[in-house]
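Quick note: the coordinates plus some simple rules give every number you see, no bench work behind them. Model, not experiment: these values are computed from the prediction. Cβ: placed from backbone, ideal geometry, glycine included. Neighbour counts: every protein chain shown.
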Amino acid sequence: MLKAEPKVPGSLLGDVLIDSDGGSATIRVTVTVDSPNVPPSRRSPRVPLERGYYQGDRLATWWQRALAAVIDLVVYIPGLTLWSVGGSIQPNPPGLLPIGVVVTVATWVYNRCYLQGRTGQSWGKRVTGLKLIRVSDKESVGSWKAAVRDLAHILDVPTLYLLPIWDARRQTLADKTTRTVVISLKG
């Protein structure tokens, strides 16, 4: 049984009575339905109909994501330099190659797995005002899922990382695989 007494145009407020073998329960339901015919000033702020939004949050543009990625790549330069120099100079300076490997891997684990997984922001995303969130509940993804997402970016190579330009949620294949989106915290 549903009793509906709309309070404002486009909304439904009512009680749902559920009967089962274990007894009955009443659930209070409030539903707001936005329509293209409703002026933007009267639409629900949490569910905009405009492209480029996800559940009320502005999605990151391809350019914002590209800039964040470049910043995140720049932080690997010290480790990669040690790695490269240690592997190319003959005779090999003792310890440069393993130190370079450790510095590079530690930087990736801390920045892309730990920070991005825990806060939703790697150093690049923090500088550009972006945040990685789960599609299901808009929370941070956790370290393991951040690592899996980073490794899943290998799937984006065939699309040249351009899929977010035309995708409705501006997702890469790695985002689709791990059920994440990147939102913009600025404006």
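Look at (1) crowded, with 18+ Cβ neighbours inside 10 Å; (2) under 14 Å from A60 (Cβ atoms); (3) free of Cβ contacts under 8 Å to residues at least 24 places away in the same chain and you find that D167 fails only one, number (1). Tallying residues that are surrounded by fewer than 23 Cβ atoms within 10 Å (Cβ to Cβ) and under 12 Å from V181 (Cα atoms) within region 122-133 yields 2. Going by what's in this entry, would L151 be described as in contact with a Ser or Thr (Cβ under 6 Å, 6 or more places away or on another chain), closer than 18 Å to A68 by Cα and among the aliphatic types (A, V, I, L, M)? It is false that L151 is in contact with a Ser or Thr (Cβ under 6 Å, 6 or more places away or on another chain), closer than 18 Å to A68 by Cα and among the aliphatic types (A, V, I, L, M).
Applying the criterion of at least 2 residues that are among the basic types (K, R) to the helices (runs of 4 or more DSSP H) found wholly in region 71-153 leaves 123-128, 143-152. Restricting region 177-186 to residues that are out of contact with any strand residue (DSSP E or B) (no Cβ under 7 Å at 6 or more places or on another chain) and surrounded by fewer than 17 Cβ atoms within 10 Å (Cβ to Cβ), the residue that is nearest to Y114 (Cα to Cα) is T177.
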